[in-house]
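Working notes, beginning with the structure itself.
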Amino acid sequence: MSEVIAIANQKGGVGKTTTAVNLAASLAVAEKRVLLIDLDPQANATIGLGYSRSDYEYNIYHVMIGRKRLSEVVLKTELPLLDLVPSNIGLVGIEKEFYDEKTRGKELILKRKLKELKDEYDYIIIDSPPALGPITVNALSAADSIIIPIQCEFYALEGLAQLLNTVKLVKKSINPKLKIKGFLPTMYSSQNNLSKQVLLDLQQHFKNKLFSIDDDYIVIPRSIKLAESPSFGRPVLLYDVKSKGSVAYQHLAKSILASA
Ligand SMILES: Nc1ncnc2c1ncn2[C@@H]1O[C@H](COP(=O)(O)OP(=O)(O)O)[C@@H](O)[C@H]1O
Ligand SMILES: [Mg+2]
């Protein structure tokens, strides 16, 4: 049975896509079969894995509207155990359709579509858009757990109450099994007091929801290699495997595998 993990936070630029791509790649390198689903119309995860719009005709939007099956839009990546379901700006259209139609159960479309491929993968990672709209609700409804990247900067925890409330609502109404897998501090710099303060705040409020390895909390450091690797269409471990960002995401994968 596969585990479905949604990477979500309605704030933009906090490291969702970077986490989705690099966690997926790290799990694949640890010999797990991984499917990364790009559920953001901006398609940054798709681009970050080396695909451009002209490389593929169909994407997650066509699956969501029932025109294609999930297995028909899966793309291979450079890593043998990592597959990708691409996105495209056309996915914004789905929001309108969600609101227009009167049929119930639209929150569960993705969950239903995943059934077809669930047994083929050990992990299904979903990258979600910077909003708490119907697309993210679909991700949360399909997921077993959620990882919340928290950018280590001023106002880091702002908006978190709203996100946690959405998680609570989805749990109550659609997906009672949904768990918070953990909060992941991102773009951490050890010289920066603000970073330290954010980590302290998270420790204080969500101590048992931080990832750790060998008794150290896992934080994703601010790393130029992490920022550069998408422009080469590669996860960081295929760009600079020994860089601190790459090591941090491998630690995250290890900690997730250890707790499985
Ligand atoms: N740990 C990091 N160190 C340096 N740059 C990062 C790091 N994580 C993300 N970035 C960069 O910050 C920007 C936003 O990250 P991204 O993962 O796209 O966030 P989101 O998906 O939440 O919008 C991107 O340009 C990305 O390359
Ligand atoms: Mg993103």
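No value in this document is a laboratory result; all are computed from the given coordinates. Worth saying up front: this structure is predicted, and the values here are computed from it rather than measured. Note: ideal-geometry Cβ built from the backbone for every residue, glycine included; neighbour counts use all protein chains shown.
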When the Debye formula is applied to the Cα atoms of the stretch 118-180, each taken as the same point scatterer, what base-10 log of I(q)/I(0) results at q = 0.13 Å⁻¹? -0.38
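If Lys and Arg each add +1 and Asp and Glu each add -1, what is the summed charge of the other residues whose beta carbon sits under 12 Å from the beta carbon of R112?
Values: positive: R69, K106, K111, K113, K115, K118; negative: E107, E116.
So the environment of R112 carries a net charge of +4.
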Calculate the spin-label point distance for E228 paired with H205, positioning each point 7 Å from the Cα along the beta-carbon direction, and give it in nanometres. 3.5 nm
Please enumerate, by chain and number, the aspartates and glutamates with C-alpha under 14 Å from the C-alpha of K118, excluding those fewer than 8 residues away in the same chain. E3, D83, D144
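Could you tell me the relative contact order of the chain? Use alpha-carbon pairs under 8 Å, at least six residues apart, and round to a whole percent. Spell out each step's value before the answer.
Details: 501 pairs, mean separation 67.8, N = 260.
It rounds to 26 percent for the chain.
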Using only alpha carbon positions, build the gyration tensor of the stretch 1-64, then give the equivalent ellipsoid semi-axes as the square roots of 5 times its eigenvalues, largest first, whole angstrom. 19, 16, 13
Tell me which of A142, L169, P41 sits at the most positive position along the dipole axis of the stretch 3-258, charges placed on C-beta atoms (Lys, Arg +1; Asp, Glu -1). L169
Name the residue, out of Y123, Y188, Y99, whose mean-square fluctuation peaks in a Gaussian network model built on the chain with Cα pairs under 10 Å. Y99
Could you work out, for the stretch 1-135, what percent of all Cα-Cα pairs fall into each 10 Å distance bin, beginning at 0 Å and stopping at the bin that holds the largest distance? 13, 47, 35, 5, 0
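Using the crude model of +1 on Lys and Arg Cβ and -1 on Asp and Glu Cβ, and no other charge, please compute the dipole size for the stretch 1-125 relative to its Cα centre, in debye to 20.
Details: 18 positive and 18 negative charges, 78 e Å.
About 380 debye.
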Would you compute, from DSSP H runs of 4+ residues alone, the mean residue ellipticity of the chain at 222 nm, taking -39500 (n - 2.57) per run and dividing by the full residue count, rounded to the nearest 500? -11000 deg cm²/dmol
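Between I180 and D55, how high is the FRET efficiency from 1/(1 + (r/R0)^6) when r is the Cβ-Cβ distance and R₀ = 35 Å? Nearest 0.05. It would help to have the intermediate numbers written out before the result.
Numbers: r = 35 Å, r/R0 = 1.00.
In this case the efficiency is close to 0.50.
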Amide H contacts under 5 Å for I37, restricted to residues at least 5 apart in sequence or on another chain and with H modeled in the peptide plane, are V85, I125, I126, D127
Can you list, bin by bin at 10 Å, the percent of alpha carbon pairs in the stretch 3-258, starting at 0? 7, 33, 38, 18, 3, 0
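Quick check for me: using +1 on Lys/Arg Cβ and -1 on Asp/Glu Cβ, what's the dipole size of the chain about its Cα centre, in debye to the nearest 20?
Numbers: 33 positive and 28 negative charges, 127 e Å.
So the magnitude is around 620 debye.
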